[in-house]
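Just below is one structure, and these are the notes that go with it.
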Amino acid sequence: MAGAGPAVDDLVALAGAQGHPAGLEAAVSAVRASGAPLSIGDLAIRGEDLLAAGVPPGPAVGQTLRRLLDSVLEQPELNTRDALLRLAVAPAAGPET
């Protein structure tokens, strides 16, 4: 749903018209009702918080917000200010050497 954004309702209607399982609409409703973060705007921090934490201004702020959203989509319980700030300043995992 995060990738579909506001078009999710249209996608659900289209899926229904094409005969896909009716449970899709119920699943979308359940996700919405859960309050799970689905967009950068749903994160418990903003760009200003990242700047104050030492993330350099510019593209790094948006990249960090997208990385945090990916983490929160996988683990919604991480969507707290403290947890996101810890993740924001932690070095990104790289390939093992």
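The values are calculated or read from the model by the stated rules, or taken from the named source; none is laboratory data. Everything numeric here is computed off the predicted structure, so don't read it as measured data. Every residue, glycine among them, receives a Cβ derived from its backbone with ideal geometry; neighbour counts consider all protein chains shown.
Key figures
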item: Residue within segment 71-94 that is surrounded by fewer than 17 Cβ atoms within 10 Å (Cβ to Cβ) and β-branched (V, I, T) present; result: yes
item: Listing of helices (runs of 4 or more DSSP H) fully contained in the chain that carry 2 or more residues being at pLDDT 95 or above; result: 47-52, 59-74, 81-89
